[in-house]
1. Sort out for me the Cα centre separation of region 245-265 from region 267-326, rounded to whole Å.
2. Applying 1/(1 + (r/R0)^6) with R0 = 41 Å to the Cβ-Cβ distance of Lys201 and Gln50, what FRET efficiency is obtained, to the nearest 0.05?
3. Give the long-range amide H neighbours of Val209: residues separated by 5 or more places, or on another chain, with amide H under 5 Å away, using H modelled in the peptide plane at 1.01 Å from N.
4. Contact order normalised by length for the chain, with contacts defined as Cα pairs under 8 Å and 6 or more residues apart; what percent is it?
5. Cα axis of helix 151-162 to longest principal axis of the chain: angle in degrees, 0 to 90, nearest 10?
6. Given the peptides 195-207, 246-258, 89-101, 107-119, arrange them by the average over their residues of other C-beta atoms within 10 Å, most packed first.
7. Under the 0.36 nm per residue contour assumption, what length would be gained going from the current alpha-carbon distance of Arg223 and Asn190 to full extension?
8. For the Cα atoms of the chain, what angle does the longest principal axis make with the long axis of helix 269-282, in degrees from 0 to 90, nearest 10?
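No lab work stands behind these numbers, since they all come straight from the coordinates. Please read these numbers as outputs of a predicted model, since none were measured by experiment. Please note: Cβ atoms are built from the backbone with ideal geometry, for glycine as well, and neighbour counts cover all protein chains shown.
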Amino acid sequence: MKGITLKGFGGPEVLALADVPDPTPGPDQVLVRVRASALNRADTLQRLGQYPPPPGESELLGLELAGDVAGWGPGVSGFKKGQRVFGLVGGGGYAQYALIDKEMAMTIPDGWSYEQAAAVPEVFFTANETIFVLGELKPGESILIHAGGSGVGTAGIQMARHIGAKVYFTAGSPEKIAKAMALGAEAGINYKTHDFAEEIKRLTQGAGVDVVEDFLAASYFQRNLDVLRPGGRLILVALMGGNKIEVNLAQVMTKRLQIKGSVMRSRPLQDKRDITRRFRERWLPELAAGRIKPVIDTVLPLAEAAAAHAAMDANRNFGKIVLKVD
């Protein structure tokens, strides 16, 4: 089969389409003929040599997929060959065939394209686990979502707005702010031209927000604490702005703040099964009904994975970049 391989670690130019071994399903695994996958920041980090796959997972890039069931291993029942499925995987999505755990393979809703389905798992799973499970966001509360134009950002804005929360976000261009506002946010802040902490204080009349969803970590940490209300929750999803800080613990104590972190790929299989179940029960019906939607920026052929990575590296995308696998 064909898949995207690494010629070394580095920029997008290290990605190449090549012949790779076909995967063989083991116990509790489903073999999928992949029709679409999608990009995530974890893929770019793996390309750079900074985020290796967990033991036992495919060395190929790709953490989400949509396609057709082509077979299965021991202990699997209830699937039919040709059945359209999608879901989260530990690796291998950038290829013609990949393996997915039987409890993490979800049936694609009627009327969805493979590209739509592939754009859902990583970002909607992450948004649900960080904003609602860890962040405990409730109707009537408020949230600041950084990287509002990202895949997780566009999912989180819709989900938070759907439950009746007030949503603020940051983005890096007027165009992205306009697009994110159309998803139902209260206000957007251009982080390149404005201090988001000052803007949140202004927009909330000094009250701050209940939850902050953050991808920058160190470079935003103090300002994130500053904009939280008493009892507020800071959720760390990525470390794009560094991982070393000095923090005023008195502020954490006096405001009774909670600081929580989350990862997805390295978690135990049962955790991922539980994450899939929570998403399937709470959010898949909303997606299937069209009340919230995956936001797709670009669809490119698998062979153009390098161009897709270059676009993500440059932050050109609003929403998901999807790879179509012929």
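1. Rounded to whole Å, the Cα centres lie 29 Å apart.
2. Numbers: r = 35 Å, r/R0 = 0.85.
About 0.75, to the nearest 0.05.
3. The list, which skips near neighbours in sequence, is Leu228, Arg229.
4. Relative contact order here is 18 percent.
5. 60
6. Details: 195-207: 15.5, 246-258: 12.0, 89-101: 25.4, 107-119: 19.7.
Ranking the peptides 195-207, 246-258, 89-101, 107-119 by packing returns 89-101, 107-119, 195-207, 246-258.
7. Details: separation 33, 0.36 × 33 = 11.88 nm, distance 1.51 nm.
Difference between extended and current length: 10.4 nm.
8. It is inclined by approximately 70 degrees.
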